[in-house]
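The values are calculated or read from the model by the stated rules, or taken from the named source; none is laboratory data. Just so we're clear, the structure is a prediction, and the values are computed from it rather than from any experiment. We place every Cβ from the backbone using ideal geometry, glycine too, and count neighbours over all the protein chains shown.
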Amino acid sequence: MIPLHSVCAMLETYITAYNNAVFDTDRDAALQVIAQALAAGHTPEEIVFELVIPAVEEMMAQLSRDLDANLAQHFMTAQIAAEVTEKMLEQFKQPPKTLGRVVIGTARGDLHSLGKRIVMGCLKTLMVEVRDLGVNVPAERFVEEAVAFDAQVIAISSMMVHTANGEQGCRKVRRLLREQQLENRFRVVVGGAPFRFDEQLYQAVGADDWAADGVSAGKVILRQIRELSP
Amino acid sequence: MNALMLTLHAGEKTLHLPIIPGFSIRELLDTTTLRVRAACGGSGRCGACRVRLLTAEAPPCTRSERERLSPQLRQEGWRLACQLRPDHSLALELSNPAPAVPWRSLPVSELQWLRGRLPSMRKTPLGVAIDLGTTHLRITLWDCAAGRRLASRWGVNPQEIHGSDPLNRLDYALHSPERSKEMATQLRQTLLDAVQDMLTREVGGGASHLPHIGRLMIVGNTAMLSLLSGQGAAELLSPDNWQQPIACQPIDRSAWQQEWGLPNAHIILVDPIAGFIGSDLLAGILAFNLLEAPAATLFLDLGTNLELALWDGAVLHVTSVPGGSAFSLLSPDPAAWPGLHEEVTLLHDPLLQQADNANCVQAFSPAALLEAVALLRRQGILKVSGRFAPSVAGDGYQLQAQMLTGRITLRAVDELQRAKAACAAAIAMLLEKARLHWQDLQNIWLSGSLGSRIPLAAAKELGLLPPVADASIHQQAGSALSGCEKLLLAEEYGEILAPVQLRLSPFNLATQPRYEELFITHLRLQPYAASQ
């Protein structure tokens, strides 16, 4: 039997190799590391909870420190993590505990879904259930689906100033929540380039929080879920 | 052999400029911000363009110079800049330059030779062709009756102050009707300034010639046409309209005629194709006669906005994607970016360039950036992911392009990756739609501020272009303006447009999930085929 500290050390090696591959946007190399870890006898549960999730968390921290991290790195971090998690979940002996539920979409008038895909990838890896509402989503649908899905967070992505700041996006979602007396039930998180350029904008449009990029959005949303359902 | 150089002293300014054989001093200076005074179109009649020779060797005086300059002035070295066509390097003094204006003549490489005349315009013979770009405006003045181009100008689009991205400008304009009107009026005033500058310097008489303008033809990307006319901005921002034409016509044409002082001008805004696919692409298609090209010919107009057309022999598949800041050329004048791609050479360690170094510029032309990134890749300094190799410390790499020293940062590389991924993914989507492979491509025509001067080897190494043989790639600047000029010189411009419009098949990539997948794979700095 391999001593516990050796298992941990081995996982550390895999985490490092996996992170390096993801940081280099090398999907094949990252998946190879996972295959090696499985071949070495690690269970799918270990792979997810002790390799992929710590790796994503480390990447979140690393990318938030590295302001020059590029789009490909953000995307690969989320995409590869979600892909591996999905594969491993199929092999779990018991379904894992869900940490929360989120509905996500791009604001009305916005077709940019790349950021949303990054957020979804991270959330899935972090064991958050995600309902994807797609692009160009009317405010009414955000609220209806959040109620139907019993979500804690409504996540709205806007890549253009007029969709971030316009009347049909987050502002309307907030108004509907207020009118339907649902404000205590849901948190609204926004993200996208306009919120980076104006860090006060999220408050102006009635959001509870915002994220500077897709990867850190996972962390922000998880924080909001935990605050709402401690 | 060393290139012939002109050295010009004007007060405290000194300008060094390559001499193009056959060009007059005036024509050379018209492409710079230091222009001579002029009022006769370079015929030597007005005598306003005096310069003084500081070197002995120069071609003899022309008849116009002998008529306009006294023997004493000629003895002192005075010459007329419009008559002096140097065949040796020389130095000049310009003591009384023309007042600074934001306009310069277009480099000859951006102007195509065109045949065509409209005898029907004898009474109002002047015509104006305008290409409204996101970053630059390009304008030519024609004697349509004689079929002669009289002058050209380019300048910065004044709406730049509202953002380099057209979406930001549309958003700004939509804020209130007053803002929209203010932006439209500002742009129209700028265009009028350019026309008046050409009339004053090239025809003589300035505004008095405005009534002689019989036709004004305008092409541009949809956002710019919308901002010029004050129409269609709201429609353009709604994705529901991105697959259909956006009406950008002025509501009251006679008000424009009045505002511009053009009582006899037929003002024509060529309608955009659909959504963000503008009439500049249509004009480019006309300029290249794309319908007569072999099947599987790709036309790319590369600039701040990327517009693409793929001719499959029966259908013209057209689309448009944002290129972003990496493809925004700061100046269409090659002289403003000495060396560009040929001269980018890496400097030795230390690798970091201090950002506050006065000699360090952060911005390079897109062509120089492409060349530099390709060079960094070749040397293993930059990885396929767009990251520096572990041995490289810090956040930038110093490089030098002739007189310019600059810094390639990871952010600049990221912006380049996004722009090239957008272009490559759009090419891949068009090919898929036409059921073609990149190997089928017979020709690639490149135009636009970047396309006409893109370094082909670097573009192929980094995956911006498919690995098509250089011999099948053709670069030509100013295609949108050339196409606009063709329309200007056509008796019935609609008859030229109709056959092209019939073959158009617009493709909105924003609604295609596959485009996003291809965009991600093409972010990597590797040849096109490796990302497919």
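Per-structure values
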{"read-out": "Unique match (being modelled with pLDDT under 90, under 29 Å from A:Lys87 (Cα atoms) and not assigned by TED's automatic domain parsing to the domain that holds A:Ala78) among A:Gly191, A:Gly105, A:Gly218", "value": "A:Gly218"}
{"read-out": "Top-ranked residue of region B:108-149 - restricted to ones that are at pLDDT below 85 and buried (at least 19 other Cβ atoms within 10 Å of the Cβ), ranked as nearest to B:Gln186 (Cα to Cα)", "value": "B:Thr135"}
{"read-out": "Residue among B:Ser238, B:Ser208 that is hydroxyl-bearing (Ser, Thr, Tyr), within 25 Å of B:Asp143 (Cα to Cα) and either within 14 Å of another protein chain (Cβ to nearest Cβ) or surrounded by fewer than 19 Cβ atoms within 10 Å (Cβ to Cβ) (or both)", "value": "B:Ser208"}
{"read-out": "Residue satisfying all of: in region B:509-532; within 9 Å of another protein chain (Cβ to nearest Cβ) and not in a helix (DSSP H, G or I); farthest from the chain's Cα centre (by Cα) among these", "value": "B:Arg524"}
{"read-out": "Qualifying residue in region A:28-42 (condition: outside any helix (DSSP H, G or I), within 14 Å of another protein chain (Cβ to nearest Cβ) and either within 20 Å of the chain's Cα centre (by Cα) or under 17 Å from A:Ala78 (Cβ atoms) (or both))", "value": "no"}
{"read-out": "Enumeration of residues in region A:55-104 that are of a type in the set (Lys, Arg) and either within 30 Å of A:Val173 (Cβ to Cβ) or away from every other protein chain (no Cβ under 14 Å) (or both)", "value": "A:Lys87, A:Lys93, A:Lys97, A:Arg101"}
{"read-out": "Region B:118-157, residues that are out of contact with any helix residue (DSSP H, G or I) (no Cβ under 7 Å at 6 or more places or on another chain), of a type outside the set (Phe, Trp, Tyr) and over 15 Å from B:Leu228 (Cα atoms)", "value": "B:Leu118, B:Pro119, B:Ser120, B:Met121, B:Arg122, B:Lys123, B:Asp143, B:Ala146, B:Gly147, B:Arg148, B:Arg149, B:Ser152"}
{"read-out": "Residue among A:Ala164, A:Ala155, A:Ala207 that is in contact (Cβ under 8 Å) with a residue 40 or more places away in the chain, in a strand (DSSP E or B) and not aromatic (Phe, Trp, Tyr)", "value": "A:Ala155"}
{"read-out": "Qualifying positions in region B:150-167 - over 18 Å from B:Met198 (Cβ atoms) and either more than 24 Å from the chain's Cα centre (by Cα) or surrounded by fewer than 18 Cβ atoms within 10 Å (Cβ to Cβ) (or both)", "value": "B:Glu160, B:Ile161, B:Gly163, B:Ser164"}
{"read-out": "Members of region B:62-114 found to be in contact with a strand residue (DSSP E or B) (Cβ under 6 Å, 6 or more places away or on another chain) and among the small types (Gly, Ala, Ser), listed by number", "value": "B:Gly77, B:Ala81, B:Ser89, B:Ala91, B:Ser105"}
{"read-out": "Residue tally, condition touching a residue at least 24 places away in the same chain (Cβ under 8 Å) and either acidic (Asp, Glu) or over 17 Å from B:His162 (Cα atoms) (or both), over region B:206-228", "value": "13"}
